[in-house]
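The next block holds one structure in the form of structure tokens; read it before the comments.
The values are calculated or read from the model by the stated rules, or taken from the named source; none is laboratory data. Values in this document were obtained by computation on a predicted structure and should not be read as measured data. Cβ coordinates were reconstructed from backbone atoms using ideal geometry, including for glycine residues, and neighbour counts include every protein chain displayed.
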Amino acid sequence: MSFDYIIIGAGIAGITCAEEIANVLNKKVLLIDKRDHIGGNCYDYTNEEGTIIHKYGPHIIHTNSNRVYNYLSLFTLWNIYNHKVLYKVNDSLIPVPFNLISIDKCIPLHSNHIKDALLEEYEVNSKVPIKELRNSSNKYLKLLGDFIYDKIFLKDYEKLYGLKSEELDEFVDKMLPVEVSYDCRYYDDIHQVIPSHGYTNMFQNMLSNHDITIMLEKDYHEIIDIDYENKKIYYEGKEFRGHLIFTGMIDEFFNYRFGRLPYRSLILLNEDLDDVLFQDNATIYYPEEYHFRRITEFKYLTGQQTFYTTIQFEFPTEYDINNDEQNIPYYPVDLEKNRKIYEKYHELSQEYENITFIGRLAEYKYLRMDEVVEKVLDLVGEKFIGIDTEK
């Protein structure tokens, strides 16, 4: 069978590309993934107790984009879900992002002074960057910023990225700001939802077009060759004159020409318990204790009512392509030195007119699910159809 497009990677980027190309462009698509399932790290399944489990960690769609929400709504019904996160700090469970409740619980001796300083300098419901607080001339605002930085940010990110404190300073701008409110939600986006029947069901609906061929448990190197010198693609030994969309690791695609880009991986351990509930919240982080970073209890996410519950322990670790337990890349390590390496790969990728690189791994950038979908919709509209999506 001949194809107009070949897509490598059946995560949310590749699936959205395949759906749009097949249904909007009426083109034939081959979607390839080396895993035995679609959905990438968003894949979920139902366990023996009937609970929907997010195999690769909890995923919540949160977006202010009506375009993304309406698009995905074509393929699923939704459960409205407002995610809340607690951090274990000083034997207390603290809502994060930090808010006025967090201040009362963490810094009780100075909480009134801190809240007065916040409300004097900032408007109610505003968001204050941690870096701004740490640089404040007000001693109480600085106290708050330093507390969050030391007790939350450094310890949590040391686990997640395995970096030294001086390297972590580059991530300060990515920290969640302080919320000048009593809102304990992790996100404040207009749409906060989870597919009613799971992500995998939604993805199956997206891929239902008969012009989409799915090839699982197949490493693309086995069937695709790239002639880097002449910028040609070969599929099963024959030149492929269509368009290739690559959603995997860009450094791997170019055979690590400029060196390997570092990623972080996760080891995830599930435990089924003969209890209705295990903890007081969907996700609880432990920045100061234990080797694991967080525990997620899935019944909070799915809203299911069962006599059993499943929890998931998350252990951040180095990405290692040669280790079966660590060979899934989750997070790009977005340091300046690594971005410089990525920019070399990005510049090289621009030389290939018939290859598009898109998604978290291909762009070496932390992208939310809604951001990936928006990027794909823009890509198909602008590059393959010629629509100005900004109008």
Scanning the stretch 68-111 for residues that are within 11 Å of His191 (Cβ to Cβ), touching a residue at least 12 places away in the same chain (Cβ under 8 Å) and not in a loop (DSSP other than H, G, I, E, B) gives Val68, Tyr69, Leu72, Trp78, Ile80
Hey, Ile15 hits all of (1) assigned by TED's automatic domain parsing to the domain that holds Tyr220; (2) touching a helix residue (DSSP H, G or I) at 6+ places or on another chain (Cβ under 6 Å); (3) part of a strand (DSSP E or B) but one; which does it fall short on? (3)
Among Ile8, Ile12, Ile60, the single one that is surrounded by fewer than 21 Cβ atoms within 10 Å (Cβ to Cβ) and under 30 Å from Ile250 (Cβ atoms) is Ile60
Name the residues in the stretch 118-134 that are in contact with a Lys or Arg (Cβ under 7 Å, 6 or more places away or on another chain) and either surrounded by fewer than 21 Cβ atoms within 10 Å (Cβ to Cβ) or without any contact (Cβ under 8 Å) to a residue 12 or more places away in the chain (or both), would you? Arg134
Keeping to the stretch 32-67, report how many residues are assigned to a strand (DSSP E or B) and closer than 19 Å to Leu377 by Cβ. 3
Determine, yes or no, whether Lys115 is in contact (Cβ under 8 Å) with a residue 60 or more places away in the chain and either not in a helix (DSSP H, G or I) or not aliphatic (A, V, I, L, M) (or both). no
Scan the stretch 199-217 residue by residue and report those that are surrounded by 14 or more Cβ atoms within 10 Å (Cβ to Cβ) and in a loop (DSSP other than H, G, I, E, B). Leu207, Asn209, Asp211
Out of Asn338, Asn354, I need the residue that is more than 24 Å from the chain's Cα centre (by Cα), not hydrophobic (A, V, I, L, M, F, W, C) and not assigned by TED's automatic domain parsing to the domain that holds Leu160. Which one? Asn354
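Listed here are the residues, each with its yes/no results for (1) outside any strand (DSSP E or B); (2) outside the structural domain of Val124 (by TED's automatic domain parsing); (3) free of Cβ contacts under 8 Å to residues at least 60 places away in the same chain.
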site: Phe147; (1), (2), (3): yes, no, yes
site: Lys151; (1), (2), (3): yes, no, no
site: Asp156; (1), (2), (3): yes, no, no
site: Leu163; (1), (2), (3): yes, no, no
site: Leu168; (1), (2), (3): yes, no, yes
site: Arg185; (1), (2), (3): yes, yes, no
site: Asp188; (1), (2), (3): yes, yes, yes
site: Gln192; (1), (2), (3): no, yes, no
Only unsatisfied item for Ile224, checking (1) assigned by TED's automatic domain parsing to the domain that holds Lys127; (2) among the aliphatic types (A, V, I, L, M); (3) closer than 30 Å to Ile355 by Cα, is (1)
Pick out the one residue from Leu160, Leu144, Leu109 that is in contact with a Leu (Cβ under 6 Å, 6 or more places away or on another chain) and aliphatic (A, V, I, L, M). Leu144
Inspect all residues belonging to the stretch 312-326 and state whether any of them is hydroxyl-bearing (Ser, Thr, Tyr), within 25 Å of Ala10 (Cβ to Cβ) and in the same structural domain as Lys344 (by TED's automatic domain parsing). no
So the strands (runs of 3 or more DSSP E) completely within the stretch 247-346 holding 1 or more residues that are among the small types (Gly, Ala, Ser) are 263-273
For the stretch 364-382, give me each residue that is part of a helix (DSSP H, G or I) and either among the hydroxyl-bearing types (Ser, Thr, Tyr) or closer than 25 Å to Arg264 by Cα (or both). Met369, Asp370, Glu371, Val372, Val373, Glu374, Lys375, Val376
Filtered residues of the stretch 129-183 (kept if of a type in the set (Lys, Arg) and out of contact with any Asp or Glu (no Cβ under 7 Å at 6 or more places or on another chain)): Lys139, Lys142, Lys151, Lys159, Lys164, Lys174
Which of the residues spanning the stretch 1-43 are polar (S, T, N, Q) and within 18 Å of Asp370 (Cα to Cα)? Thr16, Asn41
Filter the stretch 230-246 for residues that are assigned to a loop (DSSP other than H, G, I, E, B) and either among the small types (Gly, Ala, Ser) or touching a Cys at 6+ places or on another chain (Cβ under 7 Å) (or both) and give the result. Gly237, Gly242
